[in-house]
Amino acid sequence: MYRAFTHVCLWTLLVFVVTWTVFYVNNRRKKVTKLADVATEEREDGGGTDVIIVGAGVGGSALAYALAKDGRRVHVIERDMREPVRMMGEFMQPGGRLLLSKLGLQDCLEGIDEQLATGLAVYKDGQKALVSFPEDNDFPYEPTARTFYNGRFVQKLRQKASSLPNVRLEEGTVKSLIEEKGVIKGVTYKNSSGEEATAFAPLTVVCDGCYSNLRRSVNDNNAEVLSYQVSYISKNCQLEDPDKLKLIMSKPSFTMLYQISSTDVRCGMEIFPGNIPSISNGEMAAYLKNTMAPQVPPELRKIFLKGIDDGAQIKAMPTKRMEATLSEKQGVIVLGDAFNMRHPAIASGMMVLLSDILILRRLLQPLQNLGDANKISEVIKSFYIIRKPMSATVNTLGNAFSQVLIASTDEAKEAMRQGCFDYLSSGGFRTSGMMALLGGMNPRPLSLIFHLCGITLSSIGQLLSPFPSPLRIWHSLRLFGLSMKMLVPHLKAEGVSQMLYPTYAAAYRKSYMAATAL
């Protein structure tokens, strides 16, 4: 009798819980739908928000400014409005500066103790080559880069965006996207007071970086960890030839030094997973001092060691690769590192992001009302295709270049590494062509393929000299295979037809070269 009574109570409680849950979910759904309908009515009446942007980093802030200048009402939600402290995003290529100017944001790279960069100083086995960005008449901007503290740049972008009356910049943590029948209607977030809130708009842009917690709810792409970037800052010092980024072909991979302010130098290197020294117990500092420092050229070694000796904070960050994929959901687009990542060896992530913003802005300009989900979907599909000539060129170059920089005892791989150094330092059209590619001044896939094949043939020529013995022929064939293995999978992943089809290339050039500054 007691057992039966217990079962009845349990079943009654279960029915109550299920009924209450169904009632709550339905009520919540009706409330969200009602709020979304109200937001739609507000937009039709001239109020409300046109675009929600999640994240106010480089991409979110630049996009907010660009869309607001076109008359859009933009709501930007950023998790932390304090100045970011990052070890990436400190180098703006000449191509990136051009894009920044076309968005009307070139002044954001001024007044932050930014440093001029005219090219590279490349070191390998006691050899040194100084290579500069070419004075190309086809490139309509000053052919120089800038180095800087990323946080200072981001704060300038935020200030510029928030200066417009139709930009609302709010501190808050976005928890999830609001979805209805496959269409993203807005976001739920916790504001700076800790209160749960909702925001609605016909277009939501997810631009919250490589650690995005919203990416998986929109796209099914996964990031692959390639290696780790380890870096620190040596303060109160200045490099010899500070306008040249120092690229050292060290072991196991490259080391970089560059001036990020008039008094500070960033020192960074690549380390691979599996045997990473601990930072917390001092193993990393010892590794840098005993293993990496001896590989740094003598004229740079004092600055390299200064940060370690001064107890500078050493940071390690994973380098990731992630192909861009188009979401099946409507009313949402993903940008920046939340959308597409490549190896940072060529420091071009911000350039690709600014290119994407310029393309997206231009495609949205003809639309008076962003409330038509089908039209927005067509815009996003066009954006995905038009971006390919630039993004695929940079992605392929970054991933291939990073593999070439890896040291190896394999004779074919080392010949490719030496061939890359020789090609860069040879002068003439080879050096200018490669530097134009690295600087984003000539983002054309055919030019990329031409120069990568040139490096391969140059490397094979070195292997075969002074005469082609059977062993040298074998290593040459292996080198050719390695080159194709570096190039072909990346081209295939990026979409060869979209990269090379003349119509898409023309559409990109129209956005890249013909856009006028805001």
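I need a count of the residues in segment 177-198 that are within 18 Å of E78 (Cα to Cα) and surrounded by 13 or more Cβ atoms within 10 Å (Cβ to Cβ).
10
Where helices (runs of 4 or more DSSP H) fall entirely within segment 358-475, those with at least 2 residues that are acidic (D, E) and over 30 Å from D50 (Cβ atoms) are at 411-425.
One residue stands out among those in segment 64-97 that are over 22 Å from D113 (Cβ atoms) and part of a helix (DSSP H, G or I): the one that is most open to solvent (accessible area, probe 1.4 Å), which is K69.
Residues are listed down the side, and each one gets a yes or a no for (1) among the polar types (S, T, N, Q); (2) touching an Asp or Glu at 6+ places or on another chain (Cβ under 8 Å); (3) within 30 Å of T291 (Cα to Cα):
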residue: E179; (1), (2), (3): no, no, no
residue: A199; (1), (2), (3): no, no, no
residue: P202; (1), (2), (3): no, yes, no
residue: S231; (1), (2), (3): yes, no, yes
residue: Q238; (1), (2), (3): yes, no, yes
residue: D241; (1), (2), (3): no, no, yes
residue: I248; (1), (2), (3): no, no, yes
residue: K251; (1), (2), (3): no, no, yes
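Condition (residue is in contact with a Phe, Trp or Tyr (Cβ under 9 Å, 6 or more places away or on another chain), open to solvent by 40 Å² or more (accessible area, probe 1.4 Å) and assigned to a helix (DSSP H, G or I)) applied to segment 323-337: is it met by at least one residue? The answer is yes; a qualifying residue exists. Within the set I346, I380, the sole residue that is closer than 21 Å to P445 by Cβ and either polar (S, T, N, Q) or open to solvent by less than 40 Å² (accessible area, probe 1.4 Å) (or both) turns out to be I346. You will find that of Y141, Y123, the residue that is aromatic (F, W, Y) and not in a strand (DSSP E or B) is Y141 and no other.
The set of residues from segment 264-277 being β-branched (V, I, T) and either open to solvent by 60 Å² or more (accessible area, probe 1.4 Å) or under 21 Å from H343 (Cα atoms) (or both) comprises I271, I276.
Listed by first and then second residue, the pairs linking a residue in segment 101-119 that is more than 17 Å from M351 (Cβ to Cβ) and open to solvent by 10 Å² or more (accessible area, probe 1.4 Å) to a residue that is β-branched (V, I, T) and outside any loop (DSSP other than H, G, I, E, B), with Cβ atoms under 7 Å apart and 6 or more places separating them unless they lie on different chains, are Q115/T147.
The values are calculated or read from the model by the stated rules, or taken from the named source; none is laboratory data. Quick caveat: nothing in here was measured; it's all calculated off a predicted structure. Note that each Cβ is placed from the backbone with ideal geometry, even for glycine, and that neighbours are counted across all protein chains shown. Please note that ligands, DNA and RNA were not included when accessible areas were found on the heavy atoms of the full protein model with its side chains. Shrake-Rupley method; radii C 1.70, N 1.55, O 1.52, S 1.80 Å.
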